[in-house]
Amino acid sequence: MLRIFTQIVIALLLSTIMGCGGWSYIKKEKSEKINNQYEFMLPKGWMVIKSKEHVTLTRDAISLQSITVSFTAKKKAFETIKQDFPENALPYEIAELYLAEYKARNQSMTIDTSENNPKSIAGNDGFQIFLDTQNSDGVPYKLIISGFATKNGIYTLTYIAPKTRFYALDLANYTKLLNSLTKKS
């Protein structure tokens, strides 16, 4: 959780310094791009902040729910665990490496994997990982990481919210966004 918040704060600072702007309110559902290769629909009534490789959304506050759509180039995909990006790897293998990388970057968190399933995403063979975690105050969170690999790197769509009210409340928004992802024509 701390790592995710740190990444979001860094994205905020960098976007402000680089002139990308800060948080924007989404007045109506509209299309957004990631890595100029895929596009998806932003949910009306949410807030969005964008950087070159991440689009992060929240409706109420980052600590209550967030959806992040990311692209990670293959040379950076597994740098923390010092693994090369495997050519022709199965989605399950990519998921296991991504999970190892995620855990290595978030060592201060307790992370338990409840499921790792295959998932078709935007016509690609991918994965969907369900995690249970908690922040430093002991608040339990649920996390879904859906992703797929291309020859250039990994696309991921992540949803995190407290297990209590907010996880179930905004799961449909995450699912709708995930299902809206398409290859840019």
Give me the pairs: first residue in the stretch 79-94 and outside any loop (DSSP other than H, G, I, E, B), second residue among the small types (Gly, Ala, Ser) and modelled with pLDDT of 90 or more, beta-carbon distance under 7 Å, and six or more apart or on different chains, which are they? Pro91/Gly126; Ile94/Ala149
Residue hits (the stretch 130-159; in contact with a helix residue (DSSP H, G or I) (Cβ under 6 Å, 6 or more places away or on another chain) and closer than 22 Å to Met41 by Cα) are Ser146, Ala149, Leu157, Tyr159
Being closer than 30 Å to Glu29 by Cα, touching a Leu at 6+ places or on another chain (Cβ under 6 Å) and buried (at least 16 other Cβ atoms within 10 Å of the Cβ) is true for just one of Ile67, Ile144. Which residue is that? Ile67
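Each row is one residue, and each column tells you yes or no for (1) over 23 Å from Glu79 (Cα atoms); (2) out of contact with any Ser or Thr (no Cβ under 6 Å at 6 or more places or on another chain); (3) part of a strand (DSSP E or B); (4) at pLDDT 95 or above.
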{"site": "Leu97", "(1), (2), (3), (4)": "no, yes, no, yes"}
{"site": "Lys103", "(1), (2), (3), (4)": "no, yes, no, no"}
{"site": "Ser108", "(1), (2), (3), (4)": "no, yes, no, no"}
{"site": "Ser114", "(1), (2), (3), (4)": "yes, yes, yes, no"}
{"site": "Phe127", "(1), (2), (3), (4)": "no, yes, yes, yes"}
{"site": "Asp137", "(1), (2), (3), (4)": "yes, yes, no, no"}
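Could you look through the stretch 63-78, keep only residues that are part of a loop (DSSP other than H, G, I, E, B) and in contact with a Ser or Thr (Cβ under 8 Å, 6 or more places away or on another chain), and pick out the one that is nearest to Asp125 (Cα to Cα)?
Restricting to residues being part of a loop (DSSP other than H, G, I, E, B) and in contact with a Ser or Thr (Cβ under 8 Å, 6 or more places away or on another chain), the top hit is Gln65.
One line per residue, one yes/no per condition, for (1) more than 21 Å from Ala168 (Cα to Cα); (2) of a type outside the set (Asp, Glu); (3) over 17 Å from the mean Cα position of the chain (by Cα):
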site	(1), (2), (3)
Ser51	yes, yes, no
His54	yes, yes, no
Ile81	yes, yes, yes
Leu90	yes, yes, yes
Glu93	yes, no, yes
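Anything in the stretch 172-185 that is farther than 14 Å from Gln128 by Cα and at pLDDT 95 or above? List them, or say none.
Filtering the stretch 172-185 for residues farther than 14 Å from Gln128 by Cα gives 172-173, 176-177, 180-185.
Answer for the stretch 172-185, where residues must be farther than 14 Å from Gln128 by Cα and at pLDDT 95 or above: Ala172, Asn173, Lys176, Leu177, Ser180, Leu181, Thr182, Lys183.
The values are calculated or read from the model by the stated rules, or taken from the named source; none is laboratory data. Small disclaimer: the values here were computed from a predicted structure and weren't measured. Positions of Cβ are backbone-derived with ideal geometry, glycine not excepted, and every protein chain shown enters the neighbour counts.
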